[in-house]
1. Determine whether segment 220-232 contains at least one residue that is free of Cβ contacts under 8 Å to residues at least 40 places away in the same chain, over 22 Å from GLU155 (Cα atoms) and not in a helix (DSSP H, G or I).
2. Across segment 141-172, what is the number of residues that are part of a helix (DSSP H, G or I) and either among the small types (Gly, Ala, Ser) or buried (at least 16 other Cβ atoms within 10 Å of the Cβ) (or both)?
3. Are any residues in segment 209-219 loosely packed, with under 12 Cβ neighbours inside 10 Å and of a type in the set (A, V, I, L, M, F, W, C), and if so, which ones?
4. Filter segment 180-193 for residues that are modelled with pLDDT of 95 or more and not hydrophobic (A, V, I, L, M, F, W, C); which is nearest to GLY238 (Cα to Cα)?
5. Mind checking whether some residue in segment 253-276 is small (Gly, Ala, Ser) and without any contact (Cβ under 8 Å) to a residue 24 or more places away in the chain?
6. Tally up the residues in segment 175-208 that are of a type in the set (Lys, Arg) and either touching a strand residue (DSSP E or B) at 6+ places or on another chain (Cβ under 9 Å) or surrounded by 14 or more Cβ atoms within 10 Å (Cβ to Cβ) (or both), please.
7. Please verify whether segment 250-271 includes one or more residues that are in a strand (DSSP E or B) and surrounded by fewer than 11 Cβ atoms within 10 Å (Cβ to Cβ).
8. In this structure, does LEU60 turn out to be surrounded by 10 or more Cβ atoms within 10 Å (Cβ to Cβ), within 25 Å of the chain's Cα centre (by Cα) and touching a residue at least 24 places away in the same chain (Cβ under 8 Å)?
Amino acid sequence: MFLLNKERMLMKRSLVSAGTLLLTISLLLGCGKTKEKEMGEKELLRVNDASISVEEFHQLSEGQSLEGKMRLLNEKGLRDFLENYVVTRELLYQEAKKKGFEKNPDIRMKMENFKRMVLIDALMEEMLKGKTEVSESEAQQYYKENQDRFTEPLEIKIRHIFVTSEPALKEVLARLSRKEDFAKLASIYNVDKSKEDGGSIGWIKRGQLAPSFAQFEEAAFSLKNRQEISEVVQTGLGYHLIQLDDKRGTAIRPYDKVKEGIRFFLQTKKRQDTYLQYVRDLKSKAKIVVNEKVWAEEEKKGLKPTEEKPKEEKPKDESAKKETK
């Protein structure tokens, strides 16, 4: 948090120096061009006949990622952004217009779709504002009412296949897909001592493994059925596949360990519920008419690829006919 605040302070300071720098840039760009029309007070840049204002420049710089904004904290970075991004962007845009791309029907459709999506995103942002917050009491209530979702084995007995290269991993996955024995493959491929015991790690509890193996632990405890195998888990050491051998006892995960997940789940649910209700309300007030005749034709077109089958060669004899049926 301290670093983020520090970065914000640096950015605020850069805006002060940026104002001075932008004035300098304006003066430099204006030098030696007395024959051209004098640039306006808010005009920062002119590329051929197109004018770019200080406000437009600020919008473009504000739209950059955090990493990009950090590059604008000094005079050189700001000038590079002006010449290598703003100017280049405008030149390419002008060239695209010269070639008539904006008149292309497909491109016009894409532009219209993009415009719609931007407007829809703005509408959703406004509509959802303040409606997806999850209070501490809501999160705690969900935790109490859904204890079964946070109940898991107290201990699990697992084994793993542990390799350090992608080629070895691909071999293992291919052999597992052919239903080869997990323990046998572990004894062949593992690069640690568990190789001697078919990849067995034994019994483990939550929090027993090092923090760097948090993802490994999460994958292991997410396995529900004996002999179930996890997806590939990558750690700093290599690639792991985990198999659940056994489980015993039950334990409820503490609220503090799951509250962030609950909050995220409830926020997503509120967002979805609010959106669906909003759309239902809009539909109830709108007049929507479907041209069923045209739609029937479209349905037929849509079904053709799946209905039409490739032509097959005629069988030479009766036995061949039976095989093709």
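The values are calculated or read from the model by the stated rules, or taken from the named source; none is laboratory data. If you're wondering where the values come from, they're calculated on a predicted model, not measured in any experiment. Here the Cβ positions follow ideal geometry from the backbone for every residue, glycine too, while neighbour counts run over all protein chains shown.
1. No, segment 220-232 contains no residue that is free of Cβ contacts under 8 Å to residues at least 40 places away in the same chain, over 22 Å from GLU155 (Cα atoms) and not in a helix (DSSP H, G or I).
2. 6
3. Looking only at segment 209-219, we keep the residues that are loosely packed, with under 12 Cβ neighbours inside 10 Å, and these are 210-212.
If the condition is that a residue be loosely packed, with under 12 Cβ neighbours inside 10 Å and of a type in the set (A, V, I, L, M, F, W, C), then ALA210 is the only one that fits.
4. Step by step, filter segment 180-193, then rank; the result is ASN190.
5. Of segment 253-276, the ones small (Gly, Ala, Ser) are 261.
Then drop every residue that is not without any contact (Cβ under 8 Å) to a residue 24 or more places away in the chain, which leaves 261.
There is at least one residue in segment 253-276 that is small (Gly, Ala, Ser) and without any contact (Cβ under 8 Å) to a residue 24 or more places away in the chain.
6. Narrowing segment 175-208 to residues of a type in the set (Lys, Arg): 175, 178-179, 184, 193, 195, 205-206.
If we keep only those that are either touching a strand residue (DSSP E or B) at 6+ places or on another chain (Cβ under 9 Å) or surrounded by 14 or more Cβ atoms within 10 Å (Cβ to Cβ) (or both) too, we end up with 175, 195, 205-206.
The number of residues fulfilling the criteria is 4.
7. Restricting attention to segment 250-271, the residues satisfying the condition of being in a strand (DSSP E or B) are 250-252.
Subsequent filtering for residues that are surrounded by fewer than 11 Cβ atoms within 10 Å (Cβ to Cβ) retains 250.
Yes, the conditions are met somewhere in segment 250-271.
8. Numbers: surrounded by 10 or more Cβ atoms within 10 Å (Cβ to Cβ): yes; within 25 Å of the chain's Cα centre (by Cα): yes; touching a residue at least 24 places away in the same chain (Cβ under 8 Å): yes.
Judged against the criteria, LEU60 is a match.
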